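Read-outs throughout are calculated quantities, based only on the coordinates presented, and are distinct from any laboratory measurement. None of these values were measured; they are calculated from a predicted model. When we count neighbours, we look across all protein chains shown, and the Cβ atoms used for this are built from the backbone with ideal geometry, even at glycine.
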Amino acid sequence: MCREEMRALGWERLDVLLITGDAYVDHPSFGCVLLARWLIHHGFRTGLVAQPRWDRTDDLLVMGRPRLFAGISAGALDSLLAHYTAFRKKRRDDAYTPGGRAGARPNRACLVYANLARQAFPGLPLVLGGIEASLRRVSHYDFWTDALRRPILMDAKADLLVWGMGERAILECARRLDKGAGADALAGIPGTAWLDRLDARGHPARLPASLANAPLVALPGHQQILDEPEQLLRLTQALEQQVHRGDAWAFEPVDGRALVLAPPAVPLSTAEMDELYSLPFRREAHPSYREAIPAAEMLRTSITSHRGCGGGCSFCSLALHQGRHISSRSAESILDEARALARAAMTSGRRGKDGVAISDVGGPTANMWQAHCALEEAAGTECGASDGMGRKSRCRRLSCCFPTVCKAFVTPQRNHVELLRAVAALPGVKQVRVASGVRADLALRDPEALAAYTGEFTGGQLKVAPEHCAPSVLALMRKPPLATFETFLESFVRQSRAAGREQYVIPYLMSAFPGCTDEDMRTLAHWLRQRHWNPRQTQCFIPTPGTIATAMYYCGKNEAGEDIAVARTDAARLRQHHILMPSTGRPEKRAAAQTAKQSKKHGRS
Ligand code: SF4
Ligand code: SF4
C-alpha cells in the first residue's frame, strides 16, 4: 500500500496497481485482494490503493506509475447499493470501511476511479472489474436514477472490462502487456468485454482472428431497449445463457459502437482453487487502520469452500457473475485453512478457552460444495466454461434447482457434512457453523445430511430463504414451491427436538418483487401470523443492475413476455414492505403523497 512496503519487498516499481472502493483487508473474501495476491503469486508486483480520496490524484500516486496497467473496482458491492437503501435513503454505515461509516467511496466508484486513474497515469491501460463493472457490462437499468444506462465502459472510457471471476482474465492482461503489447491486444480474452467500431454489416469491426468461426450473438441494442423495454429482458436472458453455456461471443450495438463480450473464462479447477486459497493471506485489516472494519470482523473465521451456485434465482446477481458452474476447493485445502485459523487464533490470543469458532464453511449456498452436473461430467465438459472457440454445455435450463431440482444435479451433501465434522475435530477448533445458509430443496434430498446440519452445525439459528409463499411470486423468482420449505421446516423442527436443541429457522423474505401485489403480501403476512412468526429478515426488492428480476421490473413483463404488476414507486414498495414490517413503514398518508410526487418525477406509476 505504500513505498515503505515496496522497499521492504525489494520492489522499485509496480507492475500492476489495483484501486478498490473497499478498505484493505488481507482476506480472500475481498475480490481485489484475492486478485492482488494471485498476480503477485504469478510474478507481477502488485500494489493496492484502497478507498482513495477522489478529489485529487495524490493517493493513486503514492506508489508511482505502474508498468503494465491499473485495475479498478468499486469494491465488494455496487457503490450505489452500498450507499442507498431500498427506499433510496442514504445509508450511514458501510461494512467495508474502517469504523463502519459510509462516505469513504464515491457514488459510481468505477467511473470516478477510472477518471482519476486517467489523470494520474495518462496513457496507462485501464481495466475495470468487480461486481459493479460486471453487472453493468451491458445496457442496464439503474434504480437510483430510474433510467436505462449504457454499458459502463462507454462512460468509464477504460480499455477493458473483466466480468465474472477475474483470476484468469487479469493474469492474461498482465501477461499480454508484459510482452510489450498495447491495450488493443487485450481484446479477445475470455471473460472480458471491450468496445469496438461497427462495420457496414453492423457487426464489430475488429474481432480477434480467433473468432472467425465462432458463433456471434447480436444482443438487443441500447436504443432498441429504450424503444421497447422488453428487450432488456431478452438481453439479460441471452447473457445468462452465454454465462451458463459458454458457447458464444456476443455484442451489443450502442451509440454507433459495439460492446463486445467474449465467452466466459474457464472456471477454476479444484487444484487452481486450492492454489488460490493457499496464498499467504493474513486475514487481518492493514495495520494502518485505526478502527475496526465490520466486514473483516464478520469474515475473520469464515472459510470459502466453493464459488458458483446452480440456483439461478432471478433476483440474484450470481447467475451473471460467478455463473452456475460450481468450483470447489478440496477437503484438504479447507482443512489446512481451518488449521491455520486455529493457529492464528492461538497466537493472537483471540482463541477462546476451548478453541476457535469457525463461523462458516460454505459458499453462496453452503450445501453446494462439490455439487456438479452429471451430464457435463459424462461429456467431459464444464458448464459455463469455454476455450473461447465454441460450445461446452448443451443445457438450456435456467436453473439446476427450478422448477424442480434437476436429476443431473449431483449434490454430495454428505461429503460436506463429513468435511464439517473433520474441521470440527481439528485441535484448536471449538465449533463449526454454516453461516452462509443451506438450500432447503437440496437439503431435503438427503435426510442424513439435513439431520447433521440441524443437529451439529446450526448453532440455534439456520438461515433459509423461502423468499415468499405466493406460488406466482415464487415462480417469478425461480424459487421452489412453498410446500418444499414447509417440509424442510417440519424436518428441521423434528430433528432439532431429537437432538434436544432449541433452534430456529431464520426465513429470508422479500417484498415488492416484480409481479408481487399487495394481496400477495397480505397472503405472506397471514402465512407468517399462522406460524406466530415475526419476520426480521425482510428485504424490499432492490432492482440491482443486471438481473432477470430487474429486467422484469423495468419492462413490467415476466420471462414469457406477459404483463405483470410492478410496485414501482417508493411509496408502492413501502406499502408492500409495511404489510410485513409495520414497524419500519411510514404512515400510509405520507406514502400516498410520495406516490403522487414520484409518479410525476419518474413519469410512471
Ligand atoms: S440460491 Fe442463493 S446464491 Fe444461489 S442463485 Fe439463489 S439467491 Fe443466489
Ligand atoms: S443438466 Fe441439470 S444439472 Fe446439468 S447444468 Fe443443466 S440444469 Fe444443471
*Per DSSP H run of n ≥ 4, the term is -39500 (n - 2.57); total these for the chain, divide by its residue number, and report the mean residue ellipticity at 222 nm rounded to 500 deg cm²/dmol.*
-10500 deg cm²/dmol
_Strictly greater than 35 Å: what percent of every Cα pair in the chain meets that?_
39
*Space enclosed by the convex hull of the alpha-carbon atoms of segment 1-62, per residue, Å³*: 78
*Which of Phe251, Pro190, Met165 sits farthest toward the positive end of the charge dipole of segment 141-272, with +1 on the Cβ of Lys and Arg and -1 on the Cβ of Asp and Glu?*
Pro190
*Could you put Thr270, Thr544 in order, starting from the residue whose Cβ has the fewest other Cβ atoms within 10 Å?*
Thr270, Thr544
*How big is the charge dipole of the chain about its Cα centre, in debye rounded to the nearest 20, if each Lys and Arg gets +1 on its Cβ and each Asp and Glu gets -1 on its Cβ?*
1280
*With unit charges on the beta carbon (Lys/Arg positive, Asp/Glu negative), name the residue among Gln119, Thr97, Ala449 whose Cα is farthest towards the positive pole of the charge dipole of the chain.*
Thr97
*Between His42 and Met154, what length in nm is gained on full extension when 0.36 nm per residue of separation is reduced by their alpha carbon distance?*
37.2 nm
*Determine the shape class of segment 5-151: with a ≥ b ≥ c the square roots of the Cα gyration tensor eigenvalues, call it rounded for a/c under 1.5, and otherwise prolate if a/b is greater than b/c, oblate otherwise.*
prolate
*asked:* Counting other C-beta atoms within 10 Å, and keeping those with at most 16, which DSSP coil GluC sites (Glu not before Pro) do you find in segment 259-348?
replied: Glu284, Glu291
*In debye, nearest 20, what is the charge dipole magnitude of segment 4-89 about its Cα centre with +1 on Lys and Arg Cβ and -1 on Asp and Glu Cβ, if you could check?*
160
_Only four residue types carry charge here, +1 at the Cβ of Lys and Arg and -1 at the Cβ of Asp and Glu. Report the dipole size of segment 3-189 about the Cα centre in Debye, rounded to the nearest 20._
280
